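Step one of this worksheet: look at the structure below.
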Amino acid sequence: ADGRLKPNVSAPGWVADFDDASIHTVEGTSFASPLIAGLAACIWEVWGDTTKPLTLLEHIEQAGHLYPYFDYAHGYGIPHAERFFSYRRPFACFKTELVSDYLIITPDSLLMQSISTPPLFYFHVQNKGGVLRTYGLIAPDSASPIIFTLKHDAHKQKKPDKYELFIQPGDIIRLHMNGYTEEIAVP
């Protein structure tokens, strides 16, 4: 509630549980935190004592699958250890177009047709101070455009509609899908 980025990252926390009749999975944070601590220990072992704790935290954040996108539910996402050893530039899997008071995002049609489960589309609006005004995610079901109505309103009069973004000059609209992030500065 104080505007700080929390959580910094997230991790899967599943465990298989067996009772008399069946095997099922249970989710929670009791296993997620040790995963991140284990990743930090591995990085520290590879890089030696030259890594300061805050630098290590920044590297773990930058390895998140959503980085540089973040929100207050996922942080920068789930860190991937391979990002410490190799880097592949994500391809632009959507196009953006500003038309009047509309932001039109068109997912790449080949990507959407080639995978059985479409990737999630994340978005947020960040103010000049780095605090998120809003964030969310959309599960696109096709390559049809996602259209946001941009509201230049400093004071929200109502809860925004599903695809309505309240923006102010100096804000940053950040969009993320399938490893690709795009930023739009609000003039």
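If I ask for residues that are modelled with pLDDT of 85 or more and out of contact with any strand residue (DSSP E or B) (no Cβ under 9 Å at 6 or more places or on another chain), which ones from the range 102-129 would you list? Outline the logic, then answer.
Initially, the range 102-129 is screened for residues modelled with pLDDT of 85 or more, giving 102-109, 119-129.
Within the range 102-129, 109, 129 qualify.
Can you tell me which residue within the range 102-138, out of those that are of a type in the set (S, T, N, Q) and farther than 13 Å from residue 166 by Cβ, is surrounded by the most Cβ atoms within 10 Å (Cβ to Cβ)?
Here is the first cut: in the range 102-138, the residues of a type in the set (S, T, N, Q) are 106, 109, 113-114, 116-117, 126-127, 134.
Subsequent filtering for residues that are farther than 13 Å from residue 166 by Cβ retains 106, 109, 113-114, 116-117.
Values: 106: 16, 109: 11, 113: 10, 114: 8, 116: 4, 117: 6.
Once the filter is applied, the top-ranked residue is 106.
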Those residues of the range 89-123 which are farther than 16 Å from residue 176 by Cα and touching a residue at least 60 places away in the same chain (Cβ under 8 Å), in sequence order: 98
Selection from the range 151-179 of residues that are at pLDDT 90 or above and part of a strand (DSSP E or B): 172, 173, 174, 175, 176, 177
Residues (at pLDDT 75 or above, touching a strand residue (DSSP E or B) at 6+ places or on another chain (Cβ under 6 Å) and under 21 Å from residue 140 (Cα atoms)) located in the range 77-101: 77, 92, 93, 94, 95, 96, 97
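State all residues of the range 93-120 that are closer than 16 Å to residue 149 by Cα and either assigned to a strand (DSSP E or B) or touching a Leu at 6+ places or on another chain (Cβ under 7 Å) (or both); if no residue qualifies, say none.
Of the residues in the range 93-120, the ones closer than 16 Å to residue 149 by Cα are 96-106.
Of everything in the range 93-120, those that are closer than 16 Å to residue 149 by Cα and either assigned to a strand (DSSP E or B) or touching a Leu at 6+ places or on another chain (Cβ under 7 Å) (or both) turn out to be 96, 97, 98, 99, 101, 102, 103, 104, 105, 106.
The values are calculated or read from the model by the stated rules, or taken from the named source; none is laboratory data. Note that this is a predicted model, so its numbers are computed, not measured. Heads up, the Cβs are rebuilt from the backbone with ideal geometry, glycines too, and the neighbour counts pull from every protein chain shown.
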